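Before I ask anything, let me first share the structure, which is written out below as C-alpha cells.
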Amino acid sequence: MNITRKWAATKQRAIEILIRLKRLYPEADCTLNYETPVQLLVATILSAQCTDERVNQVTPELFRRFPDAQAIAHADIEELEQLIRSTGFYRNKAKNIQGACRAIVEKHNHQVPKRMELLVELPGVARKTANVVLANAYGINQGVTVDTHVKRLSNRLGLTENTDPVKIERDLIRLLPQEDWENWSIRLIYHGRAVCTAKKPACDRCELADLCPAADVSLLPNVLG
C-alpha cells in the first residue's frame with residue numbers, strides 16, 4: 001500500500017473511531033469547573049500532573065479569594081501557594097499563574113487572548129493549555145489537546161507513530177474534522193480512563209478493539225460477538 005492510500009485508510013479509520021466515541025461518550029464537556037476564561041486558564045495550568053477532580057476541589061476557595069486576573073496578579077504568592085498546594089508542583093504553578101495573570105492585566109487589557117501565538121507567550125501556557133482555553137472559553141478549535149491519555153491512545157490506535165505531542169497533534173489535525181478537534185480529546189480521555197488504561201487496557205470490553213492495531217487479538221471474538 002502506497003503512502004497516499006495508507007493515509008486515506010488511516011483517516012477513514014479515524015472517522016469511524018470518532019463516530020463510535022461519540023456514541024460511547026455523547027457528553028464531551030470540559031470537566032474543569034470555571035466561570036470565566038481567566039478561571040479556565042488557571043484551572044488548566046493547575047491540572048498539569050494532577051486530576052481534574054482535585055483541581056475542582058481546590059478552585060472554589062481559590063476563586064473566592066482571587067476571582068479574576070487583577071486579584072491573582074496582586075495576590076500574596078505564599079497564600080496562592082497554600083491554596084493550590086494539593087495540586088502538586090505548587091510553587092511553580094503559583095509562579096506561572098501569577099505571571100500569566102500579570103501579563104493578561106498589563107498586556108491584554110485584563111482579557112485572556114483569543115490567539116494561540118499570544119496565549120503560548122504567557123507563563124505556564126503551552127499548546128495543550130492554549131487549546132483547552134480557546135476551545136472551551138471561546139469556541140475556537142485551533143488544535144487538538146494532547147495529554148497523556150490522548151498520546152497513549154493515539155499511538156495504540158495507530159493514528160500516529162510520533163511520541164512528541166506537537167507532532168501527534170499535527171497528525172490528528174490532518175485526520176479529524178476541525179469541529180471535532182477538542183471533543184475528540186475529551187472523549188479519548190474518557191475512554192483512556194474507563195477502558196484503555198495505561199497498565200492494563202480492557203480489550204475484551206473495548207468497542208474500538210476491531211479498529212485497534214494494538215488490541216489483544218485473542219479477545220476480539222468477545223468484542224465482535
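The values are calculated or read from the model by the stated rules, or taken from the named source; none is laboratory data. Note that the structure is a prediction, hence the values are computed from the model and not measured. Counting neighbours? That spans all protein chains shown, and the Cβs are built from the backbone with ideal geometry, glycine included.
Got at least one residue in the range 98-108 being of a type in the set (S, T, N, Q) and closer than 26 Å to residue 28 by Cβ? Show your work before the answer.
Initial filter on the range 98-108 (of a type in the set (S, T, N, Q)): 98.
Next, only the ones that are closer than 26 Å to residue 28 by Cβ stay: none.
Among the residues of the range 98-108, not one is of a type in the set (S, T, N, Q) and closer than 26 Å to residue 28 by Cβ, which makes the answer no.
Is it the case, given these coordinates, that residue 146 is part of a helix (DSSP H, G or I) and under 29 Å from residue 99 (Cα atoms)?
Numbers: part of a helix (DSSP H, G or I): no; under 29 Å from residue 99 (Cα atoms): yes.
Against the criterion (part of a helix (DSSP H, G or I) and under 29 Å from residue 99 (Cα atoms)), residue 146 does not qualify.
Per-residue answers, yes or no, for (1) outside any helix (DSSP H, G or I); (2) modelled with pLDDT under 95; (3) under 18 Å from residue 30 (Cα atoms); (4) not small (Gly, Ala, Ser):
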| position | (1), (2), (3), (4) |
| --- | --- |
| 123 | yes, no, no, yes |
| 130 | no, no, yes, no |
| 134 | no, no, yes, yes |
| 140 | yes, no, yes, yes |
| 183 | no, yes, yes, yes |
| 189 | no, yes, yes, yes |
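Within the range 48-101, restricting attention to residues that are in a loop (DSSP other than H, G, I, E, B) and at pLDDT 95 or above, which residue is surrounded by the most Cβ atoms within 10 Å (Cβ to Cβ)?
Step one: filter the range 48-101 for residues in a loop (DSSP other than H, G, I, E, B), giving 48-51, 66-68, 74-76, 88-89.
Next, only the ones that are at pLDDT 95 or above stay: 66-68, 74-76, 88-89.
On the way: 66: 24, 67: 14, 68: 16, 74: 12, 75: 19, 76: 11, 88: 14, 89: 14.
This residue is 66.
Can you confirm whether the range 156-167 contains a residue that is under 21 Å from residue 34 (Cβ atoms) and either in contact with a Phe, Trp or Tyr (Cβ under 7 Å, 6 or more places away or on another chain) or outside any loop (DSSP other than H, G, I, E, B) (or both)? Don't jump to the end; show me each part of the working.
Residues of the range 156-167 under 21 Å from residue 34 (Cβ atoms): none.
Checking the range 156-167: not a single residue is under 21 Å from residue 34 (Cβ atoms) and either in contact with a Phe, Trp or Tyr (Cβ under 7 Å, 6 or more places away or on another chain) or outside any loop (DSSP other than H, G, I, E, B) (or both).
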